[in-house]
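The values are calculated or read from the model by the stated rules, or taken from the named source; none is laboratory data. Please read these numbers as outputs of a predicted model, since none were measured by experiment. Because the Cβ atoms are built from the backbone with ideal geometry, glycine has one as well, and the counts that use them run over all protein chains shown. Each accessible area value is taken on the protein alone, full model and side chains, heavy atoms only, with ligands, DNA and RNA left out. Shrake-Rupley method; radii C 1.70, N 1.55, O 1.52, S 1.80 Å.
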Amino acid sequence: MFKGFNFFSTDELLSEEERMVRDTVRQFVTKRYLPLAAAWHNKAEFPLEVIPELAKMGLLGVTIPEKYGASGSSYYIYGLAMQELERGDSGLRSFASVQGSLVMFPIYRYGSEAQKQKWLPQLASGNKIGCFGLTEPDHGSDPGGMRTTPRKTEKGWLLNGSKMWITNATIAHIAVVCAQTDEGIRGFLVETDRKGFSQNEIKGKYSLRASNTGELIFEDCFVPDENRLPEAKGLSAPLSCLNEARYGIAWGATGAAMACYNEALKYAKSRIQFGKPIAAFQLTQHKLVEIASEIVKAQLLNHQLGRLKDAGNAKYYHISMAKRNNVHQALKAARSARTILGANGITDEYQTVRHLLNLESVYTYEGTHDIHTLIVGEYLTGSSAFR
Amino acid sequence: MNIAVCIKQTPDTETRIKLTEAKTVDESDINFILNPYDEFAVEEALKLREKFDGEVTVISLGPDRVNSAIRSALAMGADKAVRIKAENIPTDPNVTAGALATELQKGNYDLIFLGKQAIDDDHAQMPALLGAKLGIPAISVVVKLEVEGDKLTAEREIDGAHEIIECSLPAVIGAQRGLNEPRYASLKGIMKAKKIQINEIDAELSADQLQVVEFNYPPEKSPGKIVGDSADAVPELLRLLHEEAKVI
């Protein structure tokens with residue numbers, strides 16, 4: 001079984017409880033997810049059957065309090081769980097990220113007590129699936145210019161517009177939708193069976209195939225007043241949700257990198273060329289050492305980020321730096337590991353190319369790599385390059 | 001329903017055993033886990049508790065490190081835990097059975113579960129030993145269990161068939177793979193397990209009647225033989241399988 005990567009004795013940084021969570025999720029991914037990962041990727045389907053299992057383990061809404069049916073765990077534990085899920089597939093981790101950080105978190109943070117009572121337990125148990133609508137066809141990195149607008153009516157709002165690249169779009173029961181009102185950006189809970197609300201799945205993806213991605217379309221879709229998230233005011237609300245998800249991605253990408261490293265190392269030791277294992281060649285060792293070094297750096301970055309987050313001291317720029325670095329390094333690790341695997345590395349007999357393709361999406365979602373560069377750059381220099 | 005589950009901590013199934021110069025097992029690099037057959041035992045106990053209410057107590061014997069296997073069972077959902085302190089896990093199953101039986105007698109349990117065997121020493125004696133020491137029925141290699149009132153029906157695997165046995169409670173059940181699908185611990189379960197105090201007790205162990213003289217590695221396998229790489233090699237392959245390997 002997968003043993004993780006403990007080169008710098010980073011396991012010592014974990015409490016017994018943290019280690020147990022990590023090992024339990026690891027075992028679940030090894031036994032339950034990985035045997036079918038390639039099949040789900042090839043079918044281009046998110047495996048709905050794993051949702052109840054994720055829920056039973058408490059992986060939906062890891063940090064949301066127990067009184068709403070969720071786990072009430074630490075952010076550090078959330079991070080470890082995301083690392084292990086993405087060791088399986090970025091699509092699996094994306095599902096948990098969206099449900100927990102982009103649907104349950106906004107309801108918990110910005111919703112009314114009635115909204116929390118109504119939705120959080122059902123989302124934690126996996127009986128309801130959620131999606132998060134911020135990005136639009138013409139507004140990705142610049143969400144402030146969004147064109148989805150709600151028009152006030154007597155008892156609610158009429159939504160018009162569309163949202164694009166939405167994870168869980170066509171499997172969701174509820175959408176957290178950001179829209180531009182006269183008073184600024186506001187958040188709405190929109191049940192997906194409302195009249196005037198339709199969804200289309202995006203087909204033909206080469207990446208995140210085992211994840212559901214789609215478009216949300218609103219045509220005079222009526223949403224009652226009680227469905228507005230009362231505390232969500234301005235762009236800072238959706239950005240705070242993205243921060244939660246990006247935090248998990250920094251950990252998740254490290255899990256994907258570990259999977260690629262592990263596979264490439266094993267292959268390099270058993271593949272014989274010129275009478276010796278290719279692991280004995282300097283060029284192969286160089287690749288493996290580069291990947292291993294980046295994994296250790298990412299582990300240490302995640303560790304400190306996790307401790308900061310639990311202490312309430314993780315800033316957006318910390319999270320941007322971690323997401324930016326760890327995803328970039330994971331993508332590079334996947335590409336390098338793929339070259340070690342040679343021709344075998346392009347088939348679904350191996351995991352690495354699946355991770356490589358997935359990470360291409362992760363690199364530009366939840367804030368593109370470039371935008372995270374500019375977020376950190378803005379903080380360090382005091383000059384914004386994009387505002 | 002008052003249920004006990006006796007568990008053992010064993011090396012991970014993927015462990016490559018290393019021997020010391022004194023021909024004992026080198027434990028330094030071993031990752032210890034809850035004996036996989038005991039996971040079926042814990043799961044069955046939890047399912048019965050969910051159906052009939054009651055309490056599940058985990059009992060194990062061994063040094064401090066055994067607590068991590070106990071925590072795994074608690075994280076799955078067991079309510080209480082006892083560790084009988086011992087410097088080592090005895091070689092002789094009868095010694096362990098004696099200490100476990102003494103502890104089990106205190107608990108007035110309706111059912112006692114354990115794995116049909118531990119994957120390290122593979123003695124597979126514990127269910128029968130406990131049944132004998134406690135004077136109650138013991139059924140092992142159980143793949144299906146129904147409990148109704150003070151009776152149970154157990155289905156056990158025997159060579160080429162399934163045997164169905166009925167008995168009254170209390171009884172000892174040795175769990176076999178297939179009895180159920182053990183649950184994964186939940187985050188809440190793991191956090192709760194951390195707060196449960198393991199009751200650590202001293203016990204007088206009887207003397208080992210078995211003694212391990214030494215451990216040895218299995219003999220190295222001789223290299224395989226390649227007869228050929230085309231259909232022409234089939235007759236020779238058949239001849240060798242028949243005359244040398246004597247498998248066909």
Original post:
Being modelled with pLDDT of 95 or more and under 20 Å from the mean Cα position of the chain (by Cα), is that true of even one residue in the stretch A:215-230?
Top reply: yes
Original post:
Of all residues in the stretch A:336-387, which are assigned to a helix (DSSP H, G or I) and of a type in the set (Lys, Arg)?
Top reply: A:ARG338, A:ARG354
Subject >> Matching residues in the stretch B:60-76 - criterion: being more than 11 Å from chain A (Cβ to nearest Cβ) and either acidic (Asp, Glu) or touching a helix residue (DSSP H, G or I) at 6+ places or on another chain (Cβ under 7 Å) (or both) >> reply: B:SER60, B:LEU61, B:ASP64, B:ALA73
**OP:** Could you check how many residues of the stretch A:24-38 are at the interface with chain B (Cβ under 9 Å from one of its Cβ atoms), open to solvent by 10 Å² or more (accessible area, probe 1.4 Å) and not basic (Lys, Arg)?
**Re:** 2
**OP:** Scan (1) in a loop (DSSP other than H, G, I, E, B); (2) open to solvent by less than 30 Å² (accessible area, probe 1.4 Å) for the single condition B:ASN88 breaks and write down its number.
**Re:** (2)
**OP:** Return only the number of the condition from (1) in a helix (DSSP H, G or I); (2) more than 9 Å from chain B (Cβ to nearest Cβ); (3) among the hydrophobic types (A, V, I, L, M, F, W, C); (4) closer than 25 Å to A:LYS323 by Cα that A:ILE51 does not satisfy.
**Re:** (4)
Subject >> Considering residues of the stretch B:137-187 that are open to solvent by 30 Å² or more (accessible area, probe 1.4 Å) and touching a Phe, Trp or Tyr at 6+ places or on another chain (Cβ under 7 Å) only, the residue farthest from A:MET20 (Cα to Cα) >> reply: B:PRO170
Original post:
Among the candidates A:ASN6, A:ASN42, which residue alone is more than 9 Å from every other protein chain (Cβ to nearest Cβ), over 20 Å from the mean Cα position of the chain (by Cα) and not in a helix (DSSP H, G or I)?
Top reply: A:ASN6
Original post:
Which strands (runs of 3 or more DSSP E) sit wholly inside the stretch A:109-197 and have at least 2 residues that are within 21 Å of A:GLU244 (Cβ to Cβ)?
Top reply: A:130-133, A:156-167, A:174-181, A:184-191
**OP:** Within the stretch A:346-366, track down each residue that is at pLDDT 95 or above and open to solvent by less than 40 Å² (accessible area, probe 1.4 Å).
**Re:** A:THR352, A:VAL353, A:ARG354, A:HIS355, A:LEU356, A:ASN358, A:LEU359, A:SER361, A:VAL362
Original post:
Does A:ILE185 satisfy being buried (at least 19 other Cβ atoms within 10 Å of the Cβ) and farther than 24 Å from A:ASP370 by Cβ?
Top reply: no
Subject >> Options A:ALA39, A:ALA55, A:ALA81, A:ALA44; residue that is touching an Asp or Glu at 6+ places or on another chain (Cβ under 9 Å) and of a type outside the set (S, T, N, Q) >> reply: A:ALA39
Subject >> Filter result (more than 10 Å from every other protein chain (Cβ to nearest Cβ) and open to solvent by less than 10 Å² (accessible area, probe 1.4 Å)) within the stretch A:64-79 >> reply: A:ILE64, A:TYR68, A:TYR76, A:GLY79
**OP:** Please work out if B:VAL234 is at pLDDT 90 or above and over 30 Å from B:SER60 (Cα atoms).
**Re:** yes
Subject >> Enumeration of residues in the stretch A:83-94 that are outside any loop (DSSP other than H, G, I, E, B) and either of a type in the set (S, T, N, Q) or within 18 Å of A:GLU360 (Cβ to Cβ) (or both) >> reply: A:GLN83, A:GLU86, A:ARG87, A:GLY88, A:SER90, A:GLY91, A:LEU92, A:ARG93, A:SER94
Original post:
Restricting attention to the stretch B:185-197, does a residue exist that is more than 14 Å from chain A (Cβ to nearest Cβ) and either under 23 Å from the mean Cα position of the chain (by Cα) or closer than 24 Å to B:LEU61 by Cβ (or both)?
Top reply: yes
Original post:
Taking strands (runs of 3 or more DSSP E) that fall entirely within the stretch B:142-248, which contain at least 2 residues that are without any contact (Cβ under 8 Å) to a residue 40 or more places away in the chain?
Top reply: B:151-158, B:161-168
